[in-house]
1. With a 1.4 Å probe and all protein chains kept in place, how much accessible area does Val160 have, in Å² rounded to the nearest 10?
2. Carbon and sulfur: what percent of region 73-213's accessible surface (1.4 Å probe)?
3. Using r as the Cβ-Cβ distance of Thr46 and Val142, and R0 as 25 Å, what FRET efficiency do you calculate, to the nearest 0.05?
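The values are calculated or read from the model by the stated rules, or taken from the named source; none is laboratory data. All figures in this text were calculated on a predicted structure; none of them were measured in a lab. Cβ atoms come from the backbone with ideal geometry, glycine included; neighbour counts cover every protein chain shown. We work out accessible area using only protein heavy atoms, side chains counted, and drop any ligands, DNA or RNA first. Shrake-Rupley method; radii C 1.70, N 1.55, O 1.52, S 1.80 Å.
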Amino acid sequence: MGIRLRALTSVGAALAVVGGPAAIADAAPPTVRSGMQISIDETILTVNNCTLGAVISRGKALTAGHCGALGRAVRDRHGNRIGTVAANHVGRKLDVAVISLAPRAEIRVDEIDWQPGFVRGQVVTKNGIATGSGRGKVTDPVPAVRTSAGFSLAPPFVDVHESYTISTTLRSEMGDSGAGVRNARGRVVGILSSGTADGARVVPLSKLPKALR
């Protein structure tokens with residue numbers, strides 16, 4: 001995740017109108033695609049900045065579960081609302097959240113492999129908002145429950161969660177959480193959960209219940 005303070009803006013600025021009424025153009029619908037920055041409210045004053053990992057259909061997308069709680073609004077980097085956290089399984093040892101996408105958004109759907117079989121040495125790639133595109137290898141292909149911890153501005157100020165993950169040498173930093181991890185064919189096979197000194201931990205998409213796909 002990536003934490004930042006919300007910008008506080010003053011209200012009540014006067015608008016002067018000269019002549020006839022001005023025409024107001026409709027705002028262009030936001031574009032939703034994997035690899036983009038998303039912001040999810042954490043507290044009244046703070047938000048989590050994460051990466052959108054995969055668009056699995058015109059109505060659903062995925063990110064890391066620790067990025068936002070159930071029911072929270074999801075916005076792009078311009079503040080446009082692109083959806084709502086509709087399901088979150090981080091409390092069930094699965095660090096994945098499902099985003100219900102806004103109907104007006106322009107969608108770029110990804111190719112997904114729901115049954116990835118990882119092998120040691122397999123090449124994988126990711127695209128996160130902090131470190132950009134990266135390439136690495138799978139070091140432990142067997143999904144196991146591992147514990148991750150990060151800093152939070154909301155009580156209790158330390159975010160600790162457990163999740164089934166595999167281990168990779170992918171480099172990641174705060175903000176890359178939620179990034180889609182792809183196989184050699186370019187299909188999304190996992191969601192980046194956390195980083196360690198040795199590399200990133202990845203949640204296999206095969207672990208996501210079919211009802212949430």
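1. The value for Val160 is about 90 Å².
2. 49
3. 0.10
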